[in-house]
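The values are calculated or read from the model by the stated rules, or taken from the named source; none is laboratory data. All values derive from a computational prediction rather than experimental measurement. Here Cβ is always computed from backbone atoms with ideal geometry, including for glycine, and neighbour counts include all displayed protein chains.
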Amino acid sequence: MNTPERHPFLQGLSRHRGAPPTVLVIFGASGDLTARKLLPALYNLAADNLLPADFHLIGFGRSPLPDDEFRRSAAASIREFSRRAPEDGIWNPIAAHTRYLAGGYDEAAAFTRLRELIDELERVAGRELQTLCYISTPPTVFRPILENLGTCGLAARRRGTALATKVVIEKPFGRDLASARELNRAIAGVLEERQVFRIDHYLGKETVQDLLVQRFANAIFEPLWNRNYVDCVQLTVAEEVGVGTRGGYYEQSGCLRDMLQNHTMQLLALTAMEPPVSLDAEAVRDEKVKVLQAIRPLRLGPGGDAVRAQYTEGLSGGKRVPGYLAENGIRPGSATETYAAVRLFVDNWRWAGVPFYLRSGKRLARRVTEIAIRFKRPPGALFAGSDQYDLAPNTLAFQIQPDEGMTVLLNGKIPGLETRIQPVKMRYGYHTTFGSNTPEAYERLVLDAIVGDGTLFIRGDEAETSWRLYTPVLEAWAAAGREGIDAYPAGSWGPACADALLAAHGHEWRKP
Ligand SMILES: NC(=O)c1ccc[n+]([C@@H]2O[C@H](COP(=O)([O-])OP(=O)(O)OC[C@H]3O[C@@H](n4cnc5c(N)ncnc54)[C@H](OP(=O)(O)O)[C@@H]3O)[C@@H](O)[C@H]2O)c1
């Protein structure tokens, strides 16, 4: 019999990975993402003893800043944003190996200074270090940074060895197919694909990874996971907030670029892909790309597969809030969509004929990210004649955030002398099962980049395949201006045009 310590439910299975000695360079070190996510992620990795013993941090930015000042502001960010209260015993060793370097992202000499600083760190450490560059700047400077990494020799450093330089690139990865291709070309000019880690932080979420475990570590789902049993799949990435202070940014982006094209498509790929031959990065990403390639081009125009809308004034969280056009930083008569929904068909053997509905929006009724697999209705013949309505379809829903977990909707008998049936919910709550202090997405992603595991990052062809699907939609919407934009009141579940997308197939959206 298993002792409690050895019981596999408590112990878990794990794949052990060694982190090589590393110098992490953050470009955009004075930025919001560095403060809120990257530095707290490093701190928590250190607290979990997951950083390499020889770890060095270099903050890179345009304004001159003494090392001590950068260390102080880093410590303040960790105090404010870390999931664990910071302890000196954990932070001080990192701080002792933290430096700051000022320079322009397009200034070749600054990158030479960076390389010299890394050479010096290696000399002092007495060993070779891997260079991991995290590009956490606005996308306008992704390209000059990449080019300068090439010119100064850092991109090719130790290539072909386990200590080859690696580069993490933040989102957004392009704003259409042409710009994504251009960025991929700039990357390919200086780096090999295995050196590149394109971020979609959704892939770092515990519950997204749990989806893969649920699918492939359980025997009961796979036989049902296909067109014979699945009626439709619904993917929802809903935000309760409006654009807030980020109106200027959002005007350049819109919902399709900001959410649907990347995060929601990643959820679709993980839901629909075939079992990979292994959990290696290439095997998993090959399967994801195959799914994206099998998606039928969207039909455009009225009655087509893509709809968009903007929120109008309404009640959100019990407060009256303005419509999108009245928010700060929004152009008068803006045609930027705050809601987008699409109906996709994955034309392969497993999924032929099963609609995948994707929706995302701001100022919706609730913040929720969910993947719902709706199964075909069971035949009701056995229960016909009773005062039953139609049997509810079984639904398996993965709640990615918040209330992380999984729900199965079943039909159950209401106690009593008659056979009366009611849908009942079975729930596996992630936090009630495992506790709530789970690692943040960026902890996992930063660690994976340090150990060189690209499984949870986007490959170049994956990014282009998704943009290829959506660029015609973006072009058609840009050409149409405000024509065809629907409206929905803030605090609602979205516009009528999105309901019509499903009604055409006899479906309706879940209200998560
Ligand atoms: N913040 C988030 O929660 C979040 C979430 C997901 C993805 N991202 C992505 O992560 C990246 C960084 O985001 P962020 O919010 O940290 O950005 P940010 O605060 O606007 O910028 C990061 C740093 O980049 C430098 N910078 C800003 N504007 C620049 C410009 N026009 N030209 C050159 N350098 C400029 C600044 O550093 P110096 O002045 O010191 O050089 C700034 O501190 C972006 O690509 C963003 O899309 C952010």
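Scanning the range 422-439 for residues being out of contact with any helix residue (DSSP H, G or I) (no Cβ under 7 Å at 6 or more places or on another chain), part of a loop (DSSP other than H, G, I, E, B) and surrounded by 13 or more Cβ atoms within 10 Å (Cβ to Cβ) gives a total of 0.
If you go through the range 325-345 and keep only what is in contact (Cβ under 8 Å) with a residue 24 or more places away in the chain and either over 21 Å from the mean Cα position of the chain (by Cα) or outside the structural domain of residue 270 (by TED's automatic domain parsing) (or both), you end up with 327, 328, 329, 330, 331, 333, 334, 335, 336, 345. The number of residues in the range 63-78 being within 11 Å of the ligand (Cβ to nearest atom) and touching a strand residue (DSSP E or B) at 6+ places or on another chain (Cβ under 6 Å) comes to 3.
The numbered conditions (1) closer than 27 Å to residue 393 by Cβ; (2) over 16 Å from the mean Cα position of the chain (by Cα); (3) buried (at least 17 other Cβ atoms within 10 Å of the Cβ) are all true for residue 274 except (3).
No other residue among 43, 100 is modelled with pLDDT of 95 or more and within 16 Å of the ligand (Cβ to nearest atom) apart from 100.
Does residue 153 satisfy the condition of being more than 13 Å from the ligand (Cβ to nearest atom) and in contact (Cβ under 8 Å) with a residue 24 or more places away in the chain? So residue 153 fits the description; yes. Taken together, 60, 81 contain a single residue that is crowded, with 22+ Cβ neighbours inside 10 Å and within 11 Å of the ligand (Cβ to nearest atom), which is 60.
Scanning the range 128-150 for residues that are within 16 Å of the ligand (Cβ to nearest atom) and over 27 Å from the mean Cα position of the chain (by Cα) yields one hit, 148. Beta carbons closer than 8 Å, at least 6 apart along the sequence or on distinct chains, pair a first residue in the range 100-129 that is surrounded by 15 or more Cβ atoms within 10 Å (Cβ to Cβ) with a second that is of a type in the set (Ser, Thr, Tyr) and in a helix (DSSP H, G or I) for 111/151. Against the conditions (1) within 16 Å of the ligand (Cβ to nearest atom); (2) aliphatic (A, V, I, L, M); (3) within 23 Å of residue 445 (Cα to Cα), residue 114 satisfies every one except (3).
Tell me which residues, restricted to the range 297-314, are more than 21 Å from residue 257 (Cβ to Cβ) and at pLDDT 95 or above. Listed by number, the residues that qualify are 312, 313, 314.
Any idea which residue in the range 197-248 is surrounded by the most Cβ atoms within 10 Å (Cβ to Cβ), counting only those that are under 28 Å from residue 507 (Cα atoms), within 16 Å of the ligand (Cβ to nearest atom) and modelled with pLDDT of 95 or more? Restricting to residues being under 28 Å from residue 507 (Cα atoms), within 16 Å of the ligand (Cβ to nearest atom) and modelled with pLDDT of 95 or more, the top hit is 237.
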